[in-house]
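Everything on this sheet refers to the single structure shown next.
The values are calculated or read from the model by the stated rules, or taken from the named source; none is laboratory data. As the structure is a computational prediction, the values presented were derived from the model and not from experiment. Note that each Cβ is placed from the backbone with ideal geometry, even for glycine, and that neighbours are counted across all protein chains shown.
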Amino acid sequence: MLLAHKVELRPTPDQVDYLNKACGHYRHCWNHMRAWFSQQDADGHYIFKWTKDAGYQFYMKVLRVEFSWYSEVSSVITRNVIDDLDAAFTQFFRKVRQGSKNPGYPKPKKRGDRDRFSIRDSAKFDVKNKMLRIEKLKTRIDMRQPIRFGGKLKRVTISKRAGKYFASFLVETDEYDPKDVNRQPSVGVDVGIKSLATLSNGEVFENSRLLRNNLRKLRKLQRSLSRKVRGSNGYAKAKLKIQKLHFLIARQREAILHQLSDYLTKTFDRIVIEDLNVKGMMKNRKLSRAIADVGFGMLRQFIEYKAVLRNCIVVIADRFFPSSKTCSNCGQVKKILTLKDRIFECDACGFVIDRDLNAAINLNNYTA
Ligand SMILES: [Zn+2]
């Protein structure tokens, strides 16, 4: 099974040089090869028709000779352009044949716009103790985290965003054992506003304080940005700061959601979650922040793919299932329950319970 994991890198200045060069050489090679095979005669016919083999010949006999500095970095990096351009042209011509209005002719690449390169030959890179080796780079690059899955590394793609470098690994793994031991039969999960998640067995997962603080910091920075003059030095600086914080927050949120989804899929055979109508909820400002903050869509995605790996069932409760308004003791449904009501009190049987726990229990009892 192939799984992907993206890790931030902590390159030294020398390593940054290499990574930038590799991005630049890849881009240069792409742009030259693309331009060559895009030339048209007066009648609008391509002078050099693209085929993968023609691309290979052009690469070996022209580009690599003329731009011998391609070999400053691993040669597989620029050579990948042949495959990548082939995929782009193939898709373009297929769409043209299908009569698509927007077939998407392969575009030139610009510096600073999705800078990236990849290595697909596992002999040309490896990872040991959180250190990434790339061919022709003398030192290993420090990684912020280890790769999450054990197994054979098939590919690494290095990308640059907001001044940071990331390595996205494709791993062939057989680490997940579907026949896990002693799991509990079922759980309902209420994704919270106050807490990250409340489980029907009473367990509560809190949002991390670190994440909450960073979100507060982010909002403050955004307010200060709005007071700065567009295009000024201070504006650019504040913008970069915000971008960096965004990445930090995204990483922290992802880590928490991985923890939660790991726990759920390792512990329970059946997991019931709500089908939150995220679009509808976004209309409510207070809720929208909470939903955006916990990244509900991402949580669901994590749970779903790990459920496949660990062989458990995910049940998505119908979007109109009144998980919060139903009494988990007697089944009576309340007409009105506002977001402020943190405690559920049943008008019929007098049952009193934490609102989120009540919802989680109802989800656990849900039958489609
Ligand atoms: Zn009741």
Q | Residue selected from segment 35-66 under the condition among the small types (G, A, S) and surrounded by 12 or more Cβ atoms within 10 Å (Cβ to Cβ), by the criterion nearest to I77 (Cα to Cα) | A | G55
(Q) Can you find a residue that is in contact with a Phe, Trp or Tyr (Cβ under 9 Å, 6 or more places away or on another chain), at pLDDT 85 or above and among the small types (G, A, S) anywhere in segment 297-313? (A) no
Q: For segment 182-219, name all the residues that are hydroxyl-bearing (S, T, Y) and out of contact with any strand residue (DSSP E or B) (no Cβ under 9 Å at 6 or more places or on another chain).
A: S208
Q: Please name all residue pairs, on different chains or six or more residues apart, with Cβ atoms under 9 Å, provided the first residue is in segment 313-330 and is part of a strand (DSSP E or B) and within 16 Å of the ligand (Cβ to nearest atom) and the second residue is modelled with pLDDT of 90 or more and of a type in the set (V, I, T).
A: T326/V333
**Q.** Index of the failed condition, T265 passing every other in (1) at pLDDT 85 or above; (2) not in a helix (DSSP H, G or I); (3) not charged (D, E, K, R)
**A.** (2)
Q.
Let me confirm something: among L357, L363, which residue is under 18 Å from L260 (Cα atoms), within 16 Å of the ligand (Cβ to nearest atom), at pLDDT 90 or above and in contact with a strand residue (DSSP E or B) (Cβ under 8 Å, 6 or more places away or on another chain)?
A. L357
Q. Say we look at segment 188-235 and pick out the residues that are more than 26 Å from the chain's Cα centre (by Cα) and aliphatic (A, V, I, L, M); which of these is surrounded by the most Cβ atoms within 10 Å (Cβ to Cβ)?
A. L225
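In segment 331-354, what residues are in a loop (DSSP other than H, G, I, E, B) and more than 12 Å from the ligand (Cβ to nearest atom)?
Passing the criteria: K335, I336, L337, T338, L339, K340, D341, R342.
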**Q.** Residue that is at pLDDT 90 or above and part of a strand (DSSP E or B), where the choices are V171, V187
**A.** V187
Q.
Can you go through G55, G44, G99, G112 and tell me which one is in the same structural domain as V127 (by TED's automatic domain parsing), small (G, A, S) and touching a residue at least 12 places away in the same chain (Cβ under 8 Å)?
A. G55
Q.
Step by step: first the residues of segment 132-154, then only those that are charged (D, E, K, R) and assigned to a strand (DSSP E or B), then the one that is surrounded by the fewest Cβ atoms within 10 Å (Cβ to Cβ). Which residue is that?
A. K152
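Looking at segment 10-20, which of its residues are farther than 18 Å from S168 by Cα and not β-branched (V, I, T)?
Matches in segment 10-20: P13, D14, D17.
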